[in-house]
1. So which residues in segment 311-333 are within 22 Å of the chain's Cα centre (by Cα) and part of a loop (DSSP other than H, G, I, E, B), if there are any at all?
2. State all residues of segment 244-255 that are farther than 20 Å from V279 by Cβ, in a loop (DSSP other than H, G, I, E, B) and open to solvent by less than 50 Å² (accessible area, probe 1.4 Å); if no residue qualifies, say none.
3. Taking the criterion of being touching an Asp or Glu at 6+ places or on another chain (Cβ under 7 Å), in the same structural domain as T97 (by TED's automatic domain parsing) and modelled with pLDDT of 95 or more, would at least one residue in segment 39-48 satisfy it?
4. Checking A173 against (1) surrounded by fewer than 22 Cβ atoms within 10 Å (Cβ to Cβ); (2) in contact with a helix residue (DSSP H, G or I) (Cβ under 6 Å, 6 or more places away or on another chain), only one condition comes out false. Which one?
5. Suppose we filter R191, R164, R114, R137 for residues that are charged (D, E, K, R), open to solvent by 10 Å² or more (accessible area, probe 1.4 Å), within 16 Å of the ligand (Cβ to nearest atom) and touching a residue at least 40 places away in the same chain (Cβ under 8 Å); which single one remains?
6. Out of E258, E241, report the one residue that is acidic (D, E) and either open to solvent by 30 Å² or more (accessible area, probe 1.4 Å) or under 30 Å from A316 (Cβ atoms) (or both).
7. Which ones in segment 261-300 are open to solvent by less than 30 Å² (accessible area, probe 1.4 Å), within 15 Å of the ligand (Cβ to nearest atom) and in a loop (DSSP other than H, G, I, E, B)?
8. Need the failing condition index for V69 against (1) open to solvent by less than 10 Å² (accessible area, probe 1.4 Å); (2) more than 18 Å from the chain's Cα centre (by Cα); (3) among the β-branched types (V, I, T), just the number.
Amino acid sequence: MNTPHAPSVFGAVHLGYIVIETDRFTDWRRFGTDAIGMHHDDLDTGLMRFRLDDQECRFLLQRGPAEDVVATGWHIDDHATFERIEARIRVHGVPVTEGTPDEAALRGVERLLRFPGPKGITQEIYTSPVKSAEPLRMLASGFVTGDSGMGHIAVTSARPAQIRGYFNTVFDARLTDYIDETISGVKLKIRFLRVNERHHSIAIAAVRGLPIDPVRTRIQHLNIQAATLDDVARSYQRVHELGFDMALSVGQHTNDKELSYYARTPSGFEWEVGWNPVVIDETTWQPTTHRGISIWGHTPVGQTIVDKLDQFRLGARSLAHPEKTVPALSGPGIPDD
Ligand SMILES: [Fe+2]
């Protein structure tokens with residue numbers, strides 16, 4: 001796929017931080033610190049952050065009513081690549097806003113740019129993360145970040161071809177594979193996109209043949225990668241013991257082979273803690289389609305038929321509220337193979 005401002009930026013882009021808007025700070029603090037096991041820093045009454053590693057900020061929580069992810073930040077390896085991405089956005093006539101010094105400081109980054117993204121999730125890019133001199137204080141032994149970035153986000157969409165088009169234009173994202181799944185008689189197709197060696201940084205699920213979006217929040221789940229299997233097991237136990245809802249029990253995915261569970265965050269979207277996903281070898285990888293999301297496990301916990309029916313009520317409502325897209329960057333969209 002041709003994009004302006006070649007050469008490709010693939011491999012130089014890494015998911016770096018996530019911004020969450022919530023009014024449930026007490027619950028989020030317990031969830032992030034005591035259940036998931038991350039490092040926590042209070043900034044002031046309206047702001048807090050979680051760390052996974054030596055970077056100052058991996059999650060920025062700011063007060064507000066959205067109860068959702070409102071922005072994703074992408075670490076760009078070098079200034080030339082950063083400028084290439086900026087030029088791609090500007091050449092399509094999409095507004096780019098320079099982050100203020102305050103906004104950059106809150107995110108613990110240098111050279112911050114913000115621009116509109118699919119589903120109303122603001123996309124942000126930066127060059128240099130600020131490293132913290134403070135030692136990590138957290139229950140987890142560690143998290144895998146580095147060249148793979150900090151994990152992934154997953155969205156549901158009625159416009160999956162447009163989202164693929166968007167991330168192709170902006171980041172030269174590649175299709176890793178597909179999963180076809182049937183849940184409660186509804187056929188889903190999930191597209192997994194990568195921007196570096198991580199199997200996917202973005203997953204896009206769509207109901208086949210129906211232009212509906214069954215999830216209230218902009219993201220369905222986000223994922224972070226635990227350093228050890230022990231970290232997955234212990235945090236699973238803590239989520240349970242502290243009384244947070246589990247969405248899916250421990251299981252293993254068909255495509256990236258990651259072993260994981262899904263907890264429900266205080267804001268309602270899900271939080272996946274995973275371990276040991278495959279790393280992509282670009283010289284040999286071929287996209288395939290897997291049947292079903294899991295080899296084993298990932299059993300829904302406590303979900304009743306009433307929840308399912310609620311999802312379809314939301315889906316029906318989504319028909320009346322068209323999904324936010326960025327047509328100038330999505331182009332005609334990329335249809336599935
Ligand atoms: Fe995931």
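1. First pass over segment 311-333, keeping only residues within 22 Å of the chain's Cα centre (by Cα): 311, 314-315, 318, 322-327, 329-330, 333.
Scanning segment 311-333 gives P322, E323, K324, T325, V326, G333.
2. Listed by number, the list holds a single entry, F244.
3. The initial filter retains those residues of segment 39-48 that are touching an Asp or Glu at 6+ places or on another chain (Cβ under 7 Å), namely 48.
Next, only the ones that are in the same structural domain as T97 (by TED's automatic domain parsing) stay: 48.
Of the ones still in play, those that are also modelled with pLDDT of 95 or more are 48.
Yes: one or more hits.
4. (1)
5. Of the residues listed, the single one that is charged (D, E, K, R), open to solvent by 10 Å² or more (accessible area, probe 1.4 Å), within 16 Å of the ligand (Cβ to nearest atom) and touching a residue at least 40 places away in the same chain (Cβ under 8 Å) is R191.
6. Working: E258 fails: either open to solvent by 30 Å² or more (accessible area, probe 1.4 Å) or under 30 Å from A316 (Cβ atoms) (or both).
Of the residues listed, the single one that is acidic (D, E) and either open to solvent by 30 Å² or more (accessible area, probe 1.4 Å) or under 30 Å from A316 (Cβ atoms) (or both) is E241.
7. Within segment 261-300, the first condition is being open to solvent by less than 30 Å² (accessible area, probe 1.4 Å), and the residues that meet it are 261-263, 265-267, 269-274, 277, 280, 292, 298.
From what is left, the residues that are within 15 Å of the ligand (Cβ to nearest atom) are 261-263, 265, 269-274, 277, 292, 298.
Once the filter is applied, which keeps residues that are open to solvent by less than 30 Å² (accessible area, probe 1.4 Å), within 15 Å of the ligand (Cβ to nearest atom) and in a loop (DSSP other than H, G, I, E, B), segment 261-300 yields T265, F269, P277, G292, H298.
8. (2)
The values are calculated or read from the model by the stated rules, or taken from the named source; none is laboratory data. Just so it is clear, the model here is predicted, and its values are computed rather than measured. Note that each Cβ is placed from the backbone with ideal geometry, even for glycine, and that neighbours are counted across all protein chains shown. Accessible surface areas use protein heavy atoms only, side chains included; no ligands, DNA or RNA. Shrake-Rupley method; radii C 1.70, N 1.55, O 1.52, S 1.80 Å.
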